[in-house]
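The values are calculated or read from the model by the stated rules, or taken from the named source; none is laboratory data. Everything numeric here is computed off the predicted structure, so don't read it as measured data. For neighbour counting, all protein chains shown are included, and Cβ atoms are generated from backbone atoms with ideal geometry for every residue, glycine included.
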Amino acid sequence: MTYEKIKTVILVILVLLSVFLYYVLWTHQGNYETLKKIPTVEPEMFGKSKEVGEVVKPDRIYQHLNGQHYGTMDSIEISDVINTLKKWDYNNIKNISPEIKNVSSFIQKQNHSMEIRFPGDVPFYLYKTLLNSTESNNFDFDTILISYDISKDKEGLVYFISRNNSKVYESNVSASFIDSFKDFTNHVAMEGSIYTAHFSYELTKNNLIYLPENDSSMKKYNYLYKTIDSAKLKRALFGDPSLVQKSIIANREEYTDDTGLLRIDKDTHVVSFLKPSEVITDGTEKNKMIQNSIEFVNQHGGWTNQYRYVGKNDNYDKSTFRLYNSAGYPIFDMEHKISDIQVMWENNDVKTFITSNLSTFGTDFDTTTTTVMSGQKVLEYLKEQKNIDMEKIQDIVMGYDMQVDSQSIVRIQPSWFYEYDEKWYQIETSHTGGKNNGLE
């Protein structure tokens, strides 16, 4: 065979091969398109995910005007104030703590200002993502204080205060921001105002609180509730639900695999997840623990109701989130703590996740009104208790006691609560009804 014939044969073979490959590709295209249309399996969510600003938010506002104090816990007012603060530029944030010997006295001197209180210490690095700040400061705060007065440098002043750590940071803002912000003072004198008269009380030199001067009229609520299906919780919390084994012990369900244990108590509605797998965390920094906790709950859509961040422990290994009602009051379940979500960490991993299997509440029914005693009566009651050291009280707040019965009804009624030595207790007297759940 000549050289030219060999070239011709090779060329024919290559042409036939290309035709064959084209045919194979064409006939399999339909299957490929089908594969492309197969949906990605998303992890199941048993509630909602939320942005940081929906969870980390204040729960009290006080206006200090001409030596008088006016307070509110109204959710709408708080949202309006925070949305306004998000539009400001915060400059030259500096630590002025060495200049301040007594944080309570410093706050009391700001008698023409607004004070915004958070229920727990908030890392500035986390909250600055909501504010218009590029400052790199790293500190915690539980109070934002905005002076209505303009400084001698013709600037507005905003203070970030940590009462727990006795720290005060000062920031400059434009005077024009303050001028428009003063419109909030008009809300105090409005007919049917959401603000009520308060008085100040100094628990310690660094802890000043405000309590209502008069008795309050508040509502009792009843709600129908639903529970989250246990199988749904299993699918949301385990990486591969098909490998999970189920067991029933009395009124408790347990689900286990090599990565964790899910325990659901049918009587108390407590859900605990121990040593879960597939946790997202970005490293070793303790001050990111709150953000990581929110991200962990978001992974599973764990926000089944209106929860707010209320605090972390001193070891930076536990974050707590508490249920609030639509009016802005905290809700406490003193017996089983199912009004709280807790995320506990160990070695930069989530060790324990505690929540409840109660789903969103329905429309309230059989609503009644009751009277809650004034702040002065609360102080008198606490001072009369021989087993209470007033300097160990960290906070006193009006909120709601939560009771769950076997008829799918949640009952919440107003009451006073106080934080004592890192633990919350309820004050129940003839004004609020029920038994006394104070210190034994």
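Suppose we keep only residues that are modelled with pLDDT of 90 or more and of a type in the set (Ser, Thr, Tyr) within region 245-285. Which one would you say is nearest to residue 359 (Cα to Cα)? Ranking the candidates gives 268 first.
Residue 84 meets all of the listed conditions (1) in a strand (DSSP E or B); (2) surrounded by fewer than 18 Cβ atoms within 10 Å (Cβ to Cβ) but one, namely (1).
So that you can scan it fast, the table gives a plain yes or no per residue for (1) assigned by TED's automatic domain parsing to the domain that holds residue 175; (2) under 22 Å from residue 155 (Cα atoms); (3) touching an Asp or Glu at 6+ places or on another chain (Cβ under 8 Å):
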site	(1), (2), (3)
67	yes, no, no
90	yes, yes, yes
96	yes, yes, yes
104	yes, no, yes
110	yes, yes, no
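The set of residues from region 201-221 being of a type in the set (Lys, Arg) and either part of a strand (DSSP E or B) or in contact with a strand residue (DSSP E or B) (Cβ under 8 Å, 6 or more places away or on another chain) (or both) comprises 219, 220. Condition check for residue 345 on (1) assigned to a loop (DSSP other than H, G, I, E, B); (2) outside the structural domain of residue 411 (by TED's automatic domain parsing): one failure, at (1).
Within the set 104, 113, the sole residue that is surrounded by 14 or more Cβ atoms within 10 Å (Cβ to Cβ), part of a strand (DSSP E or B) and small (Gly, Ala, Ser) turns out to be 113.
In contact (Cβ under 8 Å) with a residue 40 or more places away in the chain, among the hydrophobic types (A, V, I, L, M, F, W, C) and touching a helix residue (DSSP H, G or I) at 6+ places or on another chain (Cβ under 6 Å): which single residue out of 188, 168 fits that description? From the options 188, 168, the qualifying one is 168.
Listed here are the residues, each with its yes/no results for (1) within 20 Å of residue 44 (Cα to Cα); (2) in contact with a His (Cβ under 6 Å, 6 or more places away or on another chain); (3) part of a helix (DSSP H, G or I); (4) assigned by TED's automatic domain parsing to the domain that holds residue 406.
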| site | (1), (2), (3), (4) |
| --- | --- |
| 233 | yes, no, yes, no |
| 239 | yes, no, no, no |
| 248 | no, no, no, no |
| 255 | yes, no, no, no |
| 271 | yes, no, no, no |
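Determine which member of the set 351, 337, 318 is more than 28 Å from residue 77 (Cβ to Cβ), out of contact with any Pro (no Cβ under 6 Å at 6 or more places or on another chain) and free of Cβ contacts under 8 Å to residues at least 60 places away in the same chain.
Working: 351 fails: free of Cβ contacts under 8 Å to residues at least 60 places away in the same chain; 337 fails: free of Cβ contacts under 8 Å to residues at least 60 places away in the same chain.
When all the criteria are applied, what remains is 318.
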